[in-house]
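Asker: Sending over a structure as structure tokens; questions will come in a sec.
The values are calculated or read from the model by the stated rules, or taken from the named source; none is laboratory data. Computed from a predicted model, the values in this text were never measured in an experiment. Every residue, glycine as well, gets a Cβ built from its backbone with ideal geometry; the counts of neighbours run over all protein chains shown. What goes into the accessible areas is simple: the full protein's heavy atoms, side chains included, and nothing from ligands, DNA or RNA. Shrake-Rupley method; radii C 1.70, N 1.55, O 1.52, S 1.80 Å.
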Amino acid sequence: MPDRTVIPPQSGRAFRVSRGSLVKIVDPEGQQVADLFAFTTGGAVDWLSTSQTRDICERLFPRVGEGFYNARGVRMLTLIEDGSPGPHDMLFPACDRGLYERAGLPDHPNCHDNLLNALAAVGVSIPFVPDPVDFFQNSSPQPDGRLEVLASIDPPGGFVVLRAEQDLLVVVTACSVDFHPTNGGICTPIEVEIMRL
């Protein structure tokens, strides 16, 4: 049976995942963005790089069967199944204090701090916050080149399944944006199921 964790709205959790394990990220109520970060912690810390992934896949987001790569160009995760209509995003950074301060919302929960807190809870620190993989985020580039985040179209129960290609520390956050349509106007939980092989 898979290990199942419910990530409350506007929070994050860290998971140790062994090579070959499957990670299923589920949006139980629909329209909730899940930010994914992944790190290798054996020896020097390395991280999932969205820019390397775009370059190696030569597309804005990997297809099923394609991978997510670290900053050295080594595959970390493979997208095994996409049970969501998409789209997903690899262009935007994690929401942070500055975003909410510009919106007049100081001290608002945010994915940047939720990532750091989740890592601190397992004794890991990093020198900077890499850009996440934003599952279920509806922010495809517009024909005129504009980047606009629209309401997620992910239905209740939408999911993705990833396979770990090496031992990883994975962090998933339930996006904190509640002042914009990103998450359908309300933040809801994200579920993570890990099938350890």
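Asker: Take the chain, connect every pair of alpha-carbon atoms lying under 10 Å apart with a spring to form a Gaussian network, then pick out the residue of L99, L77, L22 with the largest mean-square fluctuation.
Answerer: L99
Asker: Where does the range 82-187 land on Rg(C-alpha)/(2.2 N^0.38 Å)? Don't skip to the end; give the middle numbers.
Answerer: Values: Rg = 14.8 Å, N = 106, 2.2 N^0.38 = 12.9 Å.
Output field value: 1.14.
Asker: Now, a different point. Determine ³J(HN,Hα), in whole Hz, for all residues of the range 117-127 in sequence, where each value follows from phi through the Karplus function 6.51 cos²θ - 1.76 cosθ + 1.60 and θ = phi - 60°; x replaces Gly and Pro.
Answerer: Going residue by residue, I get 5, 5, 5, 4, 5, 10, x, 10, 10, 10, x Hz, with x marking Gly and Pro.
Asker: Take the Cα radius of gyration of the range 1-113 and divide it by 2.2 N^0.38 Å, with N its residue count; two decimals is plenty. Provide the component values of the computation, followed by the final result.
Answerer: On the way: Rg = 15.4 Å, N = 113, 2.2 N^0.38 = 13.3 Å.
Dividing the Cα radius of gyration by 2.2 N^0.38 Å gives 1.16.
Asker: Here's something else I'd like to know. Be a star and scan the range 121-140 for residues whose amide nitrogen sits under 14 Å from the point 7 Å along the Cα-to-Cβ vector of V45.
Answerer: 121-131
Asker: Same structure again: Could you sort F128, F39 by their accessible area in this structure, using a 1.4 Å probe and putting the largest first? Don't jump to the answer; show the numbers that get you there.
Answerer: Numbers: F128 90, F39 0 Å².
From most accessible down to least: F128, F39.
Asker: Turning to a different aspect of this structure: Add -39500 (n - 2.57) for each DSSP H run of 4 or more in the chain, then divide by its residues: what number comes out at 222 nm, to the nearest 500 deg cm²/dmol? Spell out each step's value before the answer.
Answerer: On the way: 3 runs with 25 residues, N = 197.
So the helix-based figure for the chain works out to -3500 deg cm²/dmol.
Asker: Using the Karplus equation 6.51 cos²θ - 1.76 cosθ + 1.60 (θ = phi - 60°), what ³J(HN,Hα) coupling, rounded to whole Hz, does each residue of the range 53-64 give in order, writing x for Gly and Pro?
Answerer: Each residue's phi maps through the Karplus curve to give 5, 4, 5, 6, 7, 6, 7, 6, 8, x, 8, 4 Hz.
Asker: Shifting gears a bit: For a quick protection proxy, order the peptides 25-38, 108-121, 129-142 by their average other-Cβ count within 10 Å, most packed first.
Answerer: The peptides rank, most packed first, as 25-38, 129-142, 108-121.
Asker: If you don't mind, there's one more thing I want to ask. For R146, R102, R163, give me the order by solvent-accessible area with a 1.4 Å probe, most accessible first, ignoring ligands, DNA and RNA. If you can, show how the numbers build up before the last one.
Answerer: On the way: R146 120, R102 185, R163 85 Å².
Listed by decreasing accessible area, they come as R102, R146, R163.
Asker: Accessible area, 1.4 Å probe, largest first: how do L150, L79 sort? Show your work: numbers first, answer last.
Answerer: Details: L150 65, L79 5 Å².
From most accessible down to least: L150, L79.
Asker: Would you mind computing Rg(Cα) / (2.2 N^0.38 Å) for the range 146-190, counting N as its residues?
Answerer: Details: Rg = 13.6 Å, N = 45, 2.2 N^0.38 = 9.3 Å.
So the Cα radius of gyration is 1.45 times the expected 2.2 N^0.38 Å.
Asker: Could you grab the Rg to Rh ratio for the chain? Cα atoms only, Kirkwood for Rh. Before the final figure, lay out each step's value.
Answerer: Working: Rg = 15.5 Å, Rh = 16.6 Å.
Checking Rg against Rh, the ratio lands at 0.93.
Asker: Quick one: Karplus J couplings for the range 92-106, per residue in order, coefficients 6.51, -1.76, 1.60, θ = phi - 60°, nearest Hz, x for Gly and Pro?
Answerer: 9, x, 5, 4, 9, 4, x, 4, 6, 4, 5, 8, x, 10, x
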